[in-house]
Amino acid sequence: MSDHDHETVPAVVDHEDEIPEDHPRYQDLLTRHRIEAGVEKGITHLQGMHAEGRGSAFDYLLGEETIPSADEAERAAAAQLLLADHPVLSVNGNVAALVPGEIVDLAAAVDADIEVNLFNRTPERLEAIADHLREHGAEEVRGLEADARIPGLEHERAKVDAAGIYEADVVLVPLEDGDRAQALSAMGKTEIVIDLNPLSRSPRAADVPIVDNVIRAVPNVTAHARELADADEAELRGILEGFDREAALEDAEERIRTGDR
Ligand code: ATP
């Protein structure tokens, strides 16, 4: 199909159903629309639009698909979450706008807590995001207590729940900023990061870096977790031992730089 062989997109998209699924840039248009809607709903900060723009450029270079090394990382992430005693999924404004229902599904599949964790933290945004997650089926949303601090970060960005991220052994942090990813790693957390830029500090700080779009990555981690639901501990540990974080980062960088598959 040529690029011109699809329905055109209306100039103003009020609802995502108006974006034709056969459009060659469907995923990108959907992502942009969800971020815009997130800003309008008060759950996404304007800076989230810039972050999305950066991500979208990397995704274009990756071919807007889950590359095999990312799929392996997503399987390793599922194994890591299933092995955890207390896994927590950290949600910021972009994640809430892009994959609210998918985060709720993943939390159910691996029995994880969901915690809102914002770079630009205001009570209004926290509440709006918690409400949005509840509308998508979340029962308990952490992050509102903010009764503990991540050491080494300035006040607002350090806030977490004592019974949530502070206590967690494994944290999934999609689209996390580099400082916080490094600070969580310094706390000894096992960290899973989803980020389309393999050169960014966050995936480089991660035990399991996933270089993929969050809208593909989260449902794929859930699919792996469901498939591994009956796996024993030895099998899950074997998946983790077979995963090479350096190779995953290098593979994604190579794909972005050369386009080679
Ligand atoms: P650092 O981690 O070094 O601080 P940064 O300043 O570029 O890097 P942020 O602005 O905090 O990072 O976060 C934006 C990051 O999120 C970018 O690396 C971008 O590639 C990534 N990103 C944006 N949208 C998506 C998405 N939909 N899926 C996955 N990653 C995304």
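Residue count for region 206-223, restricted to those that are open to solvent by 10 Å² or more (accessible area, probe 1.4 Å) and in a helix (DSSP H, G or I): 5. Residues of region 35-74 that are within 16 Å of the chain's Cα centre (by Cα), more than 9 Å from the ligand (Cβ to nearest atom), within 14 Å of residue 92 (Cα to Cα) and in a helix (DSSP H, G or I): 38, 49.
Does residue 150 meet the test of being in contact with a strand residue (DSSP E or B) (Cβ under 9 Å, 6 or more places away or on another chain) and touching a residue at least 40 places away in the same chain (Cβ under 8 Å)?
Working: in contact with a strand residue (DSSP E or B) (Cβ under 9 Å, 6 or more places away or on another chain): yes; touching a residue at least 40 places away in the same chain (Cβ under 8 Å): no.
No: the conditions fail for residue 150.
You will find that of 111, 179, 169, the residue that is surrounded by 16 or more Cβ atoms within 10 Å (Cβ to Cβ) and either of a type in the set (Gly, Ala, Ser) or out of contact with any Phe, Trp or Tyr (no Cβ under 8 Å at 6 or more places or on another chain) (or both) is 179 and no other.
Among the residues of region 159-183, the one identified as more than 16 Å from the ligand (Cβ to nearest atom) and more than 16 Å from residue 87 (Cα to Cα) is 159. Do the conditions hold for residue 26, that is, is it among the hydroxyl-bearing types (Ser, Thr, Tyr) and open to solvent by 60 Å² or more (accessible area, probe 1.4 Å)? So residue 26 does not fit the description; no. If residue 203 meets every condition in (1) in a helix (DSSP H, G or I); (2) farther than 20 Å from residue 114 by Cβ; (3) open to solvent by 20 Å² or more (accessible area, probe 1.4 Å) apart from one, which number is that one? Among (1) in a helix (DSSP H, G or I); (2) farther than 20 Å from residue 114 by Cβ; (3) open to solvent by 20 Å² or more (accessible area, probe 1.4 Å), the lone unmet condition for residue 203 is (3). Selection of first residues in region 184-208 that are at positive phi and more than 8 Å from the ligand (Cβ to nearest atom) and of second residues that are open to solvent by 20 Å² or more (accessible area, probe 1.4 Å) and part of a loop (DSSP other than H, G, I, E, B), restricted to Cβ pairs under 9 Å at least 6 apart or on distinct chains, gives the following pairs, ordered by first then second residue: 188/169.
Being open to solvent by 30 Å² or more (accessible area, probe 1.4 Å) and without any contact (Cβ under 8 Å) to a residue 12 or more places away in the chain narrows it down to one residue among 134, 121; which is it?
Values: 121 fails: without any contact (Cβ under 8 Å) to a residue 12 or more places away in the chain.
Answer to the selection: 134.
Here is the figure for region 246-261: residues that are free of Cβ contacts under 8 Å to residues at least 60 places away in the same chain, more than 16 Å from the ligand (Cβ to nearest atom) and part of a helix (DSSP H, G or I) total 4.
Answer yes or no as to whether residue 52 is closer than 30 Å to residue 207 by Cα, touching a residue at least 60 places away in the same chain (Cβ under 8 Å) and touching a Lys or Arg at 6+ places or on another chain (Cβ under 9 Å). When the stated conditions are applied, residue 52 does not pass them.
The values are calculated or read from the model by the stated rules, or taken from the named source; none is laboratory data. Just so you know, these numbers come straight off a predicted model, no measurement behind them. For neighbour counting, all protein chains shown are included, and Cβ atoms are generated from backbone atoms with ideal geometry for every residue, glycine included. Calculation scope for accessible area: heavy atoms of the full protein, side chains included, ligands and nucleic acids excluded. Shrake-Rupley method; radii C 1.70, N 1.55, O 1.52, S 1.80 Å.
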